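Please read the structure below before turning to the comments.
The values are calculated or read from the model by the stated rules, or taken from the named source; none is laboratory data. Predicted model, so just to flag it, every value in this text is computed and none were measured. Here the Cβ positions follow ideal geometry from the backbone for every residue, glycine too, while neighbour counts run over all protein chains shown. Accessible surface is based on the protein model in full, side chains and every heavy atom, while ligands, DNA and RNA are left aside. Shrake-Rupley method; radii C 1.70, N 1.55, O 1.52, S 1.80 Å.
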Amino acid sequence: MERKSQILILFFVTVAAISLAGFFNSYIRFLPDDMDRFPLVIHVHFSAFACWFALLIVQPILIKQEKYSLHRKIGKLSYFIAPVLVVTILILVTGQTKKDIVISEERAAFTAFVGLLDAVSFSAYYLIAMTNKRNLRWHVAFIIAATLIILNPGMSRLLNHIKPGLGLPAAVFLPFIISIGIILIEKIKFRRPVLKSPYFLFFCCWTVEILLLVTIPKTEFWHLIVKKLLGIT
């Protein structure tokens with residue numbers, strides 16, 4: 001258990017560092033002197049985002065220290081943090097879609113679908129994690145899954161800054177790499193059946209998400225929905 005906790009701590013610290021680095025140039029470097037240049041929703045979103053990562057790092061530390069009661073009490077903060085993340089994601093995506101529609105209808109349709117997919121998948125993974133909070137394996141698996149959704153925007157920005165165009169394929173393939181890697185470790189080292197693994201379920205869900213991503217935004221039906229939501233006839 002101690003070794004697993006150490007791996008989780010290292011993983012979540014790495015994820016948080018990558019995410020924060022991705023938003024450094026566009027947001028963090030302006031704090032606290034130029035906060036007025038950003039709308040309130042961005043500050044609320046970033047605060048919830050930072051609290052989510054702080055919670056992820058603290059929770060395995062408490063498990064490692066066998067402070068289970070405190071772990072459960074602090075974990076209840078996620079009941080507030082997660083909804084705030086989802087609502088602010090939807091608000092920010094709506095704003096970005098309104099900007100993108102001026103440039104390209106296709107771009108706006110893609111932005112809107114990615115944002116909706118992020119909000120829905122994060123919510124689903126979080127709910128699976130919390131309904132299985134007494135099953136540590138499933139709980140941790142879907143906390144990781146939900147966190148990978150939150151990681152993608154910051155990681156994509158960081159990689160696009162390093163090499164334009166690198167962010168999207170990284171965001172697509174990283175969940176596959178992580179889920180397949182853990183499935184193989186479980187199978188080879190612990191002889192656990194693949195089909196009963198929570199990471200296999202995550203792999204399947206992510207596969208469906210990617211299939212939807214490459215098909216739905218291109219459809220006329222989705223374009224009509226986006227334009228209707230934006231009030232465009």
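May I ask which of Lys4/Lys73; Lys76/Lys196; Lys133/Lys163; Lys133/Lys187; Lys73/Lys163 have a Cα-Cα span longer than 32 Å here?
Pairs exceeding 32 Å: Lys133/Lys163; Lys73/Lys163.
Quick check on the chain: helices-only [θ] at 222 nm, where DSSP H runs of length 4 and up contribute -39,500 (n - 2.57) each and the sum goes over total residues. Nearest 500, please.
It comes out at -27500 deg cm²/dmol, rounded to the nearest 500.
If I build a Gaussian network model for the chain, linking alpha-carbon pairs within less than 10 angstrom, which residue out of Ile128, Ile81, Ile162 has the largest mean-square fluctuation?
With Cα springs under 10 Å in the chain, the top fluctuation among Ile128, Ile81, Ile162 is at Ile162.
Grab the beta carbon distance between Ile28 and Arg107, set R0 = 30 Å, and tell me the FRET efficiency rounded to 0.05.
0.70
Classify segment 1-81 as rounded, prolate or oblate from the Cα gyration tensor: take a ≥ b ≥ c as the square roots of its eigenvalues, call it rounded if a/c is under 1.5, otherwise prolate when a/b beats b/c and oblate if not.
oblate
Which trypsin sites (Lys or Arg not before Pro) in segment 178-233 sit in a loop by DSSP (not H, G, I, E or B) and have at most 15 other Cβ atoms within 10 Å of their own Cβ?
Within segment 178-233, the qualifying trypsin sites (Lys or Arg not before Pro) (loop, at most 15 other Cβ atoms within 10 Å) are Arg191.
In straight Cα distance, which lysines are under 26 Å from Lys228, not counting same-chain residues fewer than 8 positions off?
Candidates past the 8-residue exclusion: Lys98, Lys99, Lys218.
In Å², what does the accessible area per residue of the chain work out to with a 1.4 Å probe?
That works out to 58 Å² per residue.
Here are some values of percent of Cα pairs over 34 Å apart: (i) 28; (ii) 21; (iii) 17. Which one was computed from this structure?
Given (i) 28; (ii) 21; (iii) 17, the structure-derived one carries the label (iii).
Determine the share of segment 58-200's accessible area contributed by carbon and sulfur atoms, expressed in whole percent, with a 1.4 angstrom probe.
Here it works out to 69 percent.
Just add up the charged neighbours of Lys218: K/R +1, D/E -1, any other residue whose Cβ is under 14 Å from the Cβ of Lys218.
So the surrounding residues net to -2.
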